[in-house]
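The values are calculated or read from the model by the stated rules, or taken from the named source; none is laboratory data. Predicted, not measured: the structure shown is a model, and the values here were computed from it. Methodologically, a virtual Cβ is constructed for each residue, glycine included, from the backbone with ideal geometry; neighbour enumeration extends over all protein chains shown. Heavy atoms of the whole protein, side chains included, go into the accessibility calculation; ligands, DNA and RNA do not. Shrake-Rupley method; radii C 1.70, N 1.55, O 1.52, S 1.80 Å.
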Amino acid sequence: MTLDVRTGERTQLTHLPAATSPIPVFPATGFASFLDDRTIAFASAADPDGLNPGGQLAVFTIRTDGTGLHVFPLPAAAALAGSRVVPVFEVAGGPSSVHPITLSAPGVPVNASAITVGVLEVYVVDGRNVLQLTNFRRADTFTLFQSPRGKQIFFEASGDPLRINPNENCQLFSIDVLGGRLRQLTHFGDGNRSTIGCLPGPPPGCSFDFPASVAQDRLTGTLIFESSCDPLGTNPHGNQIFAMRPDGSGLRQLTHTRGFVTEADGSVVVELPGPVEYAIGR
């Protein structure tokens, strides 16, 4: 559906048949994102007009007037036996022909749980060429987006590849498109070993909003994200919006909502930011 913010008019764009997601923690249809002013991309396990007979979570596009439904072929999934696309994606718009993607590979992750779907790793696709960038063997490594100039891939993960995340809390990372210059950008945690990593759930541990609400300003490179972590000591029981430079410096907390508060009379108040969206510029 689309909503015209000026007139309030709602338009149903798709008429998809019923479907079941092959990945339990994801909806059968969702993760919509504007590619441009007239084109929307989304993921779905539905099979409209025989476009997705395998029922996998495929990436579709459709025009904002409801015409031109199209499904993207997935050469990456075909090239890696047993893998599939995990539709946590962001439109980057960089000049590079390389596109980041998350793939689920066969095997049991080292942090398997009831809601995990296998080993998730970050890959880049360039035509028919596929390059694996991470090898964390974990269930919660999610690709976020590519930098505006196309040289860096940002992702979130709970691994400890640099030996500076011993509690395996959810962190933001960057890596170049050839798998070099891995950098951990955040150093978040609540002092305990995380039990959730980058998956939704209660403490111990903290994470980014799921699916990750992380964006990058195309002009300044600033990263903007929502997190339940408390790196500045002002967010003990809630979520806040933060900003920092793409190298992890200059961390700032932009919102100061109250979070989970118990009043003197015993009543409970919860104040959180959102829904949140960021105009990432041209």
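Which distance in Å, rounded to a whole number, links the C-alpha centroids of the stretch 1-68 and the stretch 142-174?
Between the Cα centre of the stretch 1-68 and that of the stretch 142-174, the gap is 28 Å.
So what's the net charge close to L199: Lys and Arg +1, Asp and Glu -1, counting the other residues with Cβ under 14 Å from its Cβ?
-3
So, with a 1.4 angstrom probe, what is the percent of accessible area on the stretch 110-264 that is carbon and sulfur?
50 percent
Which one, L251, H99, L131, projects farthest toward the positive side of the charge dipole computed for the chain from Cβ point charges (K/R +1, D/E -1)?
L131
Cβ under 14 Å from T14's Cβ, T14 left aside: what net charge do those residues give with Lys, Arg +1 and Asp, Glu -1?
Cβ neighbours under 14 Å give a net charge of -1.
Which of V270, V130, V108 ends up with the largest GNM mean-square fluctuation for the chain, with Cα atoms connected below 10 Å?
Per the Cα network of the chain with a 10 Å cutoff, V270 tops the list.
Size of the dipole of the chain about the Cα centre, Lys and Arg at +1 and Asp and Glu at -1 on the beta carbon, nothing else charged, in debye to 20?
The calculation lands at about 760 debye.
7 Å from Cα along Cα→Cβ at both E277 and L3: what's the point-to-point distance in nm?
Here the answer is 0.9 nm between the modelled labels.
Please give me the summed charge of the neighbours of T61: other residues whose Cβ is under 12 Å from its Cβ, Lys and Arg +1, Asp and Glu -1.
Residues close to T61 contribute a combined charge of +1.
What trypsin sites (Lys or Arg not before Pro) does the stretch 147-218 have in DSSP loop regions with at most 14 other beta carbons within 10 Å?
Qualifying residues, ordered by number: R149, R163, R181, R193.
Checking the a/c ratio against 1.5 first, then a/b against b/c, what shape does the Cα gyration tensor give for the stretch 137-282?
Judged from the Cα gyration tensor, the stretch 137-282 comes out oblate (a/c at least 1.5, b/c at or above a/b).
Determine the per residue accessible area of the chain with all protein chains present and a 1.4 angstrom probe, expressed in square angstrom.
Result: 52 Å² per residue.
Taking the chain on its own, what percent of its Cα-Cα pair distances exceed 32 Å?
For the chain, the share of Cα pairs beyond 32 Å comes to 26 percent.
Would you work out what percent of the accessible area of the stretch 1-61, with all protein chains in place, is carbon or sulfur (probe 1.4 Å)?
Carbon and sulfur atoms account for 51 percent of the accessible area of the stretch 1-61.
Exposed loop GluC sites (Glu not before Pro) only (DSSP loop, at most 13 other Cβ atoms within 10 Å): please give the longest stretch of the chain free of them, not including the sites.
10-262
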